[in-house]
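Every number in this text was worked out from the coordinates using simple rules, so none of it is lab data. Given the structure is predicted, the values throughout are model-derived calculations rather than measurements. Cβ placement follows ideal geometry from the backbone for every residue including glycine, while neighbour counts extend to all protein chains displayed.
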Amino acid sequence: MTEEADRLVTRGVSVRVRYAGAGPPALFLHGARGWPAWLPFFARLSQHYALTVPEHPGFGGSNDPPWLRDIADLAMYYLDVLDQNFSAPVHVIGHSLGGWTAAEAAVRNSGRIASLTLIAPAGIRIKGIPPGDNFIWSPEEAARATFYDQSLAEARLKETPASEADVDIELQNKLAAVKFGWAPRWLNPNLEKWLHRITVPAQIIWGREDGLLPSAYAKLWREHLPSAKVSIIEACGHSPHIEYAEAVGDEVLAFLAGVRA
Amino acid sequence: MKFVCFHLMPYRPLDLAAAKKYRSAWVVLPNSFYDPEKGAAEYDSYLDQLVYAEQLGFDAIGVNEHHQTAYGLMPAPNLIASALIQRTKTVQIAVLGRALPLVNNPINIAEEFAMLDVLSKGRLIAGFVRGIGAEYHSTGVNPAFSHERFHEAHDLIVKAWTTPGPFEFEGDHFRLRYVNLWPRPYQKPHPPVWIPSMGSRETVVWASAPDRKYPFMVTFSPESAVVRYHNMYREAAQAHGYAASGSQLGWAAPIYVAETDERARQDAEAGIESLFNNFLPMPYEMLLPPGYTSNASMKATMKLRPALGAWPRQQTIDELIANGTIVVGSPASVRERIERVREQTGFDILIALLQFGLLPDHLARRNMELFAEKVMPKLR
């Protein structure tokens with residue numbers, strides 16, 4: 001078992017990746033803020049699954065291939081990743097941008113996907129209920145809108161880049177986020193009409209007080225994925241797997257166990 | 001030296017104290033602050049000032065494009081340019097510039113500039129810009145593709161001006177089955193193209209390329225940055241294998257002239273400080289959205305441009321005079337400051353912003369007169 005950064009190369013594109021655990025394969029796709037540190041949520045999942053946590057191409061220390069222009073490219077890239085790096089269907093878990101990417105991949109081809117766990121996914125929205133604008137927010141506004149527990153926001157605001165390389169990674173992450181999420185904001189207007197293509201077991205997890213992507217959107221996902229399990233976490237912001245690592249970890253593990261049964 | 005009397009057309013009736021409660025005078029300042037009757041009076045004053053500049057002997061009069069802001073009331077600068085053409089005879093009309101990446105069909109810009117060039121019988125100077133960061137918020141255009149869209153739109157516009165149509169254009173962002181400009185531009189091969197910029201190495205290298213040699217205008221920057229970018233252009237030209245001339249180097253700055261240094265400072269204070277502290281400021285998230293410049297340029301800009309994105313720091317007229325972002329003083333002092341930059345870079349185009357911020361009409365006009373009578377002749 002390793003939690004060290006490694007490289008995952010798919011069709012010539014090299015990205016940073018961490019692996020942990022043994023068991024059936026699971027893949028976590030991160031949100032727009034970038035490749036997260038090793039989270040307690042990952043430790044929990046890796047007790048039962050062989051977890052792969054890649055950094056998306058375009059972000060941080062991964063390659064930024066010139067063909068990567070929009071969310072469709074990222075989704076197709078992950079279909080390549082699923083084909084080339086896994087021998088069995090994979091439980092895909094995605095947060096925010098990562099959830100959006102997972103759904104975009106799944107509508108194209110669910111053949112290599114064992115199940116889909118979408119945590120506060122971007123990609124569709126309800127007219128009249130706009131998302132927050134993380135591109136205009138100050139760092140403080142962004143942190144405060146991300147967490148319900150404001151002590152977590154304050155802790156994030158105290159984080160400072162350790163080196164010039166970390167500053168560069170942060171700038172690169174912001175650039176990648178803009179590429180996928182700027183216009184229209186965190187939305188693919190064509191995704192909603194194809195969500196019925198997702199036939200694998202799915203669950204939706206959302207923080208009730210999500211300040212970026214309103215939890216009201218969970219209803220729209222349920223309409224299109226009628227058999228999906230929907231969990232709304234009370235007193236929780238945009239990152240349930242961080243704010244409630246244990247409870248959300250248990251929720252995901254119980255769902256995955258049900259899929260396997 | 002060539003002199004451009006340049007205008008931003010700010011909305012002076014703005015309630016500055018109330019507007020301060022918002023993130024910026026850009027993008028999010030509610031347009032309920034705008035009164036169309038007062039706005040009409042502003043257009044009258046500003047058009048009169050620019051027309052007056054022809055009488056005073058300026059070589060060109062200049063306008064520019066900004067969107068959804070009290071900073072400047074010209075979201076469609078070509079409309080103003082068209083009005084100016086009708087009211088002037090010989091002065092050049094500089095649109096500095098149109099923001100190429102912000103439109104979905106750059107042919108509209110090629111057509112309008114061609115119209116202005118024909119209407120004015122060849123008096124147009126066509127500025128190409130990328131728009132400032134805030135305008136990617138107000139238009140929704142993705143800043144990650146700003147440079148690509150700029151270059152592609154530029155290639156399309158110049159080709160539309162110079163290549164017999166109809167032809168097909170196949171770009172990554174713009175694809176047009178038929179490009180066939182009616183009217184074509186009056187000037188041969190096309191109107192002069194100028195590139196105003198906050199400054200970035202990529203833009204300097206591109207503008208100075210031998211097949212372009214576009215004059216490069218450094219805007220709203222401390223003297224040290226103006227000198228740095230002019231010399232960067234000269235070095236880039238050298239690397240391209242030729243020596244840049246002064247007519248390829250421009251400097252755009254707020255300028256105020258009065259009888260004495262002290263009088264000038266007093267007269268200009270409210271206008272300058274409202275420009276830099278009320279009309280211009282915006283947080284970095286608006287000024288430099290990711291992708292607007294390369295990551296390296298973004299870091300450099302943050303260091304080099306204390307006058308921009310200075311949020312929420314208040315800047316005084318004295319600081320701005322001291323770092324050379326603005327030129328304020330007696331005719332002798334103003335001449336001396338401009339000469340000092342010319343000695344360091346040999347630049348030959350001065351874009352003078354002679355009305356700025358809250359500066360009232362009577363002071364703006366006196367400033368224009370003094371500048372034209374006491375500063376311009378000795379610098380020519």
**Fill in**
quick note, the range A:6-260, DSSP beta bridge pairs, % antiparallel (nearest 5) is 30
**Asked** Is there a pair in A:Lys158/B:Lys299; B:Lys121/B:Lys188; A:Lys174/B:Lys159 whose C-alpha atoms are over 23 Å apart, and which pairs would that be?
**Response** A:Lys174/B:Lys159
**Message:** At R0 = 22 Å, how high is the FRET efficiency between B:Thr260 and B:Ala322 if r is their beta carbon distance? Nearest 0.05 is fine.
**Reply:** 0.75
**Request:** Specify the angular offset, from 0 to 90 degrees and rounded to the nearest 10, of the alpha carbon long axis of helix B:295-304 from the longest principal axis of the alpha carbons in chain B.
**Result:** 20
**Request:** Can you check how the C-alpha radius of gyration of chain A compares to 2.2 N^0.38 Å, as a plain ratio?
**Result:** 0.92
**Request:** Any chance you could get the radius of gyration and Dmax over the Cα atoms of the range B:189-283, in Å?
**Result:** 16.4, 48
**Message:** Using DSSP to call loops (not H, G, I, E or B), can you name the chymotrypsin sites (Phe, Trp or Tyr not before Pro) in the range A:40-84 whose Cβ has at most 16 other Cβ atoms within 10 angstrom?
**Reply:** A:Trp67
**Asked** How long are the three semi-axes of the equivalent ellipsoid for the protein assembly as shown, computed from the Cα gyration tensor as the root of 5 times each eigenvalue, in whole Å, largest first?
**Response** 52, 26, 22
**Complete:** At q = 0.07, 0.10, 0.13, 0.14 Å⁻¹, the log10 of I(q)/I(0) for chain B from a Debye sum over equal Cα scatterers comes to -0.28, -0.60, -1.08, -1.28
**Item:** Charge dipole (the range A:149-261, unit charges on Cβ, about Cα centre) - positive-most of A:Ala245, A:Val230, A:Gln150
**Value:** A:Val230
**Message:** On a 20 Å Cα-Cα criterion, which of the cross-link pairs B:Lys213/B:Lys378; B:Lys38/B:Lys89; A:Lys127/A:Lys193; A:Lys179/B:Lys213 come out too long?
**Reply:** B:Lys213/B:Lys378; B:Lys38/B:Lys89; A:Lys179/B:Lys213
**Asked** Over chain B, what is the percentage of antiparallel beta bridges among all DSSP beta bridges, to the nearest 5?
**Response** 10
**Message:** Looking at the protein assembly as shown only, what percent of DSSP beta bridges run antiparallel? Nearest 5 please.
**Reply:** 20
**Asked** Hey, what number do you get for chain A at 222 nm if only DSSP H runs of n ≥ 4 count, each worth -39500 (n - 2.57), divided across all residues, to the nearest 500?
**Response** -11000 deg cm²/dmol
**Prompt:** In terms of the Cα gyration tensor, with a ≥ b ≥ c the square roots of its eigenvalues, is the range B:234-380 rounded because a/c is under 1.5, prolate because a/b exceeds b/c, or oblate?
**Reply:** oblate
